[in-house]
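Single-structure report; data block below.
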Amino acid sequence: METHTSMLAFESALVLALMALSSAAVWLLLWRRSRAPYMLLLLAGWLGLCLYWSLLAISAGPAPVVDRTIVAVAVRVLGIVVALVIAAGKLCMLARMFRNGKNST
């Protein structure tokens, strides 16, 4: 039995996709309050993770909706892009925190 067809293969990816979507909603609410540009990068990253886990969910389990071989390359590229977007958002957040800390002393 392959890894993506074993027990809980679909369910774990589904729960992770839902958690990524809820995290994106939190960043949207935070952005609406502060309008900090880095929050949009983090929001995009979480939405990308939601898409990433959703693609894994629909291609997992004993009866996948889409064959894993069809989405494998897209999932890998998406994972790299999402990691870079989240890293950029975190770097922007740290830069802003550093600037704000310098100005307050």
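Taking the stated definitions as given, is LEU8 crowded, with 17+ Cβ neighbours inside 10 Å and aliphatic (A, V, I, L, M)? Don't jump to the end; show me each part of the working.
Numbers: crowded, with 17+ Cβ neighbours inside 10 Å: no; aliphatic (A, V, I, L, M): yes.
Answer is no for this residue.
How many residues does the stretch 53-105 hold that are exposed (fewer than 11 other Cβ atoms within 10 Å of the Cβ) and hydroxyl-bearing (Ser, Thr, Tyr)? Of the residues in the stretch 53-105, 3 are exposed (fewer than 11 other Cβ atoms within 10 Å of the Cβ) and hydroxyl-bearing (Ser, Thr, Tyr). Within the stretch 56-93, the residues that satisfy the criterion of being at pLDDT 95 or above and under 20 Å from MET19 (Cβ atoms) are VAL75, LEU78, GLY79, VAL81, VAL82, ALA83, VAL85, ILE86, ALA87, GLY89, LYS90.
Which ones in the stretch 46-82 are small (Gly, Ala, Ser) and in contact (Cβ under 8 Å) with a residue 24 or more places away in the chain? Correct list: GLY48, SER54, ALA57, SER59, ALA60, GLY61, GLY79. Would you say TRP46 is aromatic (Phe, Trp, Tyr) and either closer than 17 Å to LEU14 by Cα or touching a strand residue (DSSP E or B) at 6+ places or on another chain (Cβ under 7 Å) (or both)? Yes: the conditions hold for TRP46. Among the residues of the stretch 27-39, those identified as without any contact (Cβ under 8 Å) to a residue 12 or more places away in the chain and of a type outside the set (S, T, N, Q) are LEU29, LEU30, ARG32, ARG33, ARG35.
The values are calculated or read from the model by the stated rules, or taken from the named source; none is laboratory data. It should be emphasised that the depicted structure is a prediction, and the values quoted were computed from it without experimental measurement. Don't worry about glycine lacking a Cβ; one is built from the backbone with ideal geometry, like all the others, and counts go over all protein chains shown.
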